[in-house]
Amino acid sequence: MGSKVTADDATAAGDTPSLLAVFAHPDDESLAAGGVLARHTAAGARTAVVTATWAADTPRAAELAEALRILGAGTPRMLGYADARAPQSAPGSTRFCEAPLDEAVRRLVAHVREFRPEIVVTHDAHGGLTGHSDHVHTHRVTMLAVQAAGLERLYPDTGAPWQPSAVYLATHPHSAVPALSDLARAGKAMHTVPDKRITATVDVGPWLEQKLAAVLAHRTEVARGALPGLIATLPAQARRRLLSTEWYIRHDPVTATAARTEPTA
Ligand SMILES: [Zn+2]
């Protein structure tokens, strides 16, 4: 991804960076980054998704598997924690927000070292539009895991060190609020960031059908009237307005080669 990426820029297979997305719940991957996942897969890049909450033997996991099949993002990689607001998501497991931080980072480092992505995508610092506490915590754990994965002395039993070159934080700029009016009317929360923070605006219009199909594959979320359910009721034009652009803030985890300011004694 670069700044102002459009469909016309789609690079040839082999040039597009591999991408590991890390999101809190089954459906976040499709809602927040479904277009970029489909776009990178279409360009021949390796893509995968780690999901922090819900257990592998739940209906939500089966829906996630279907969404990832549509997006070409492999099979679910689930950390297996409980959703902060849904204990049935992982019976007997700790809530993600209450799990020991070191343990959560270790589990994610193992996926980063195994998949070896060039780019990691996750929630922004305030947890995307909804600001859900699981989203905020997924951001924190991902930022720590991306740093730790590159250091051989940390979690040595999880595999050889691997340093992703960039993290892209899925977000929405203040200027997108008019395009989100259908969400506002439905009373949804609307956490957005100043436009100057955005470093990549991605037109995912060419992959809108795939993204929409992946969102709607989360059938229990459609049925209970969560965001996929609202999207299911919208006319095509409103869906396009809501889903055809994705915004990201790039974060570079390592700047070792940049000019450094040394502390003076
Ligand atoms: Zn979520």
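Only the coordinates and a few stated rules stand behind these numbers; no lab work does. Owing to the predicted nature of the structure, the values given are computational and were not obtained by experimental measurement. FYI the Cβ positions are ideal-geometry reconstructions off the backbone, even for glycines, and counts take in every protein chain you see.
Here are a few things to note about the model shown:
- Antiparallel beta bridges, as assigned by DSSP with both residues in the chain, represent about 35 percent of the total such bridges.
- Taking other residues whose beta carbon is less than 10 angstrom from the beta carbon of Ile249, and scoring Lys, Arg as +1 and Asp, Glu as -1, yields +1.
- Scalar couplings 3J(HN,Hα) for the stretch 17-34, obtained by applying the Karplus form with A = 6.51, B = -1.76, C = 1.60 to θ = phi - 60°, are x, 5, 9, 10, 9, 10, 10, 6, 10, x, 3, 4, 4, 6, 5, 8, 9, x Hz; x denotes Gly and Pro.
- The charge dipole of the chain, taken about its Cα centre with unit charges on the Cβ of Lys, Arg, Asp and Glu (plus for the first two, minus for the last two), comes to roughly 360 debye.
- Percent of C-alpha pairs per 10 Å bin, the stretch 8-157, short to long: 12, 41, 36, 10, 1
- Taking all C-alpha pairs of the stretch 140-265, those more than 22 Å from each other amount to 55 percent.
- Stretching Ala223 away from His174 to a fully extended chain increases their span by 14.7 nm, per 0.36 nm per residue minus the current alpha-carbon distance.
- Distance between modelled label sites at Ala186 and Gln237, nm, 7 Å Cα→Cβ extension: 1.9
- For the chain, adding -39500 (n - 2.57) for each run of n ≥ 4 DSSP H residues and dividing by the number of residues yields -10500 deg cm²/dmol at 222 nm.
- Taking Cβ atoms as reference points and 11 Å as the exclusive limit, the residues near His123 contribute a net charge of -3, counting Lys and Arg as +1 and Asp and Glu as -1.
- Rounded to whole Hz, the Karplus (6.51, -1.76, 1.60) HN-Hα couplings of the stretch 109-126, x for glycine and proline: 4, 4, 5, 4, 6, 6, 7, 6, x, 7, 10, 10, 10, 8, 5, 7, 5, 9
- 27 Å tail of the calculated P(r), the chain, as % of Cα pairs: 34
- Here the Karplus curve 6.51 cos²θ - 1.76 cosθ + 1.60, taken at θ = phi - 60°, turns the phi angles of the stretch 100-107 into couplings of x, 4, 4, 5, 5, 4, 4, 4 Hz, with x standing for Gly and Pro.
- Contact order normalised by residue count of the chain, Cα under 8 Å, 6+ apart, percent: 23
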